[in-house]
Amino acid sequence: MNKPAMPNSFRTGPDEQGMFGIFGGRFVAETLMPLILDLEEQWNKAKDDPEFKAELQNLSTHYAGRPSKLYFAEGLTKHLGGAKVYFKREDLNHTGSHKINNCLGQILLAKRMGKKRIIAETGAGQHGVASATVAARFGYPCVVYMGATDVARQSPNVFRMKLLGAEVRPVSAGHGTLKDAMNEALRDWVTNVEDTYYLIGTAAGPHPYPELVRDFQSVIGTEARAQILEQEGRLPDVIIACVGGGSNAIGLFHPFLDDSQVRIIGIEAGGRGLDGVEHCASMNAGKPGVLHGNRTYLLQNADGQILDGHSISAGLDYPGVGPEHSWLRDSGRVQYEPILDDEALEAFQLTTRVEGIIPALESAHAIAHAMKIVPKMDKDQIVIVNLSGRGDKDVHTVAKMLGMEI
Ligand SMILES: *Cc1c(COP(=O)(O)O)cnc(C)c1O
């Protein structure tokens, strides 16, 4: 693929058609178009409305617990013996990850639009729980679509959603995973046009979702940038985040995109290796195609069938990626690297032991990459890793991988 021309700023996209270069857009059924256009119009008004911003700020502070800390990981730094490692502590947010940032923003948008029924898709159940949480907070009914396979293997999160008052609808189409749940949610949206708001869980889907999710998650990078300037008096040399659909990553990256001295690295799930099919590295091993209303890098077979990804961490096994990441990849501004299941598992254990922090397996992928590069860097250099969530949810998976029983 030819490299697109270098823009003056990497922070101006998408264009009016929702395109980031050749990626993104809104490839949706005719019947969805009016909803998408309405959402775009309402979002454009909301984002500059002081009242909207104040309400989001208030909830972010007092309900979600923002700003999240930028923590100097001294134990890990000493252990690795190179650059200073900082963690952006999204694991400390209410519900235990960055997902609440997006859910609070979108529920306020739903309220503003007068939509009183919330639908969402979920894979591992983390976004389902965050959606059910904000729906409970605002007193809205909430339906969560979840692949039947995922319902069976994520029972604690299914129960959490039910406790929060949400209805979980298992989807048995396809392989019964996230991709199928997302199709079903889009279908529900078209049939319940009047009262329903689709609360999408990552920076993917048709325009304007990738943009609005990015903007709600950019609080991560905006805070981190100000915090490192205050704590170290300068910008970091490297920032790293894991990429599932790409929302925590674009949230950290976006405010740094025009700081050309900052190297930016996104980490995909390398699973059991890129030579087989058991991975979820759409940008390292996929091809551009259209899924869920946008053009982006996708895992596909030779016939263009979308493949199911594999990762040790359920939050990273979406077969696509947000379109802005595809554009940042091709433009060369962001580097995307795979990390294997085993490497993530090792990072999970090391972080737990030397920092007393149990990271989400997703976040452990980003830490694993830091473990590779930090020892080769100078002691006065700085690396920020996004700790996208806490790992309590993953202890059963980890025990199983280690051959133990809880
Ligand atoms: C859902 C999730 C992810 C992956 O989603 P993105 O949209 O790529 O951020 C990463 N980390 C945690 C803790 C998650 O819950």
Would you please classify the overall shape of the chain from the alpha carbon gyration tensor, given that a ≥ b ≥ c denote the square roots of the eigenvalues, rounded means a/c under 1.5, and beyond that prolate means a/b larger than b/c while oblate covers the rest?
rounded
Within the chain, longest stretch free of exposed GluC sites (Glu not before Pro) [DSSP loop, at most 14 other beta carbons within 10 Å]:
195-404
Which of His396, His254, His207 ends up with the largest GNM mean-square fluctuation for the chain, with Cα atoms connected below 10 Å?
His396
Could you compute the FRET efficiency for Gln381 and Asn58, with r as their C-beta to C-beta distance and R0 at 30 Å, rounded to 0.05?
0.20
Accessible area per residue in Å² at 1.4 Å probe, computed on region 269-406
40 Å²
Where the accessible area of the chain is counted over protein heavy atoms with a 1.4 Å probe, how much of it, in %, is carbon and sulfur?
50 percent
Max mean-square fluctuation residue, GNM over the chain, Cα-Cα springs under 10 Å, options Leu163, Leu340, Leu104
Leu163
From Cα pairs below 8 angstrom and at least 6 apart in sequence, can you work out the relative contact order of the chain, rounded to a whole percent?
21 percent
Charge-dipole axis of region 230-362 as Lys and Arg at +1 and Asp and Glu at -1 on Cβ define it, positive-most pick from Ser313, Gly266, Asn301
Asn301
Charge dipole magnitude, Cβ of K and R +1, D and E -1 - the chain, Cα centre, debye nearest 20
580 debye
For Arg26, distant residues with modelled amide H under 5 Å away
His207
Using only the alpha-carbon atoms of region 214-337, report the extent along each of the three principal axes, biggest first, to the nearest angstrom.
51, 28, 23
Under a 10 Å cutoff between Cα atoms, tell me which one of Gly356, Gly165, Gly24 has the largest fluctuation in the Gaussian network model of the chain.
Gly356
For region 65-147, accessible area per residue (1.4 Å probe, heavy atoms of protein chains only), Å²:
27 Å²
Entries of Lys88/Lys372; Lys162/Lys393; Lys99/Lys376; Lys47/Lys179; Lys88/Lys379 with Cα pairs more than 23 Å apart:
Lys99/Lys376; Lys47/Lys179
What's the local net charge at Ile240, with K and R +1, D and E -1, over the other residues with C-beta under 13 Å away?
-1
Charge dipole (region 171-239, unit charges on Cβ, about Cα centre) - positive-most of Thr191, Gly201, Gly176
Gly176
Determine the gain in length on full extension of the stretch Ile406-Met113; use 0.36 nm per residue of separation and subtract their C-alpha separation, reporting nm with one decimal.
100.9 nm
Go through Ala241, Gly139, Val374 and say which Cα lies farthest out towards the positive end of the charge dipole of the chain; charges sit on Cβ, +1 for Lys and Arg, -1 for Asp and Glu.
Gly139
I'd like the distance separating the alpha-carbon centroids of region 95-132 and region 351-393, in whole Å.
27 Å
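The values are calculated or read from the model by the stated rules, or taken from the named source; none is laboratory data. The shown structure was predicted, so the numbers you read here are calculated from the model rather than taken from an experiment. Cβ atoms come from the backbone with ideal geometry, glycine included; neighbour counts cover every protein chain shown. Please note that ligands, DNA and RNA were not included when accessible areas were found on the heavy atoms of the full protein model with its side chains. Shrake-Rupley method; radii C 1.70, N 1.55, O 1.52, S 1.80 Å.
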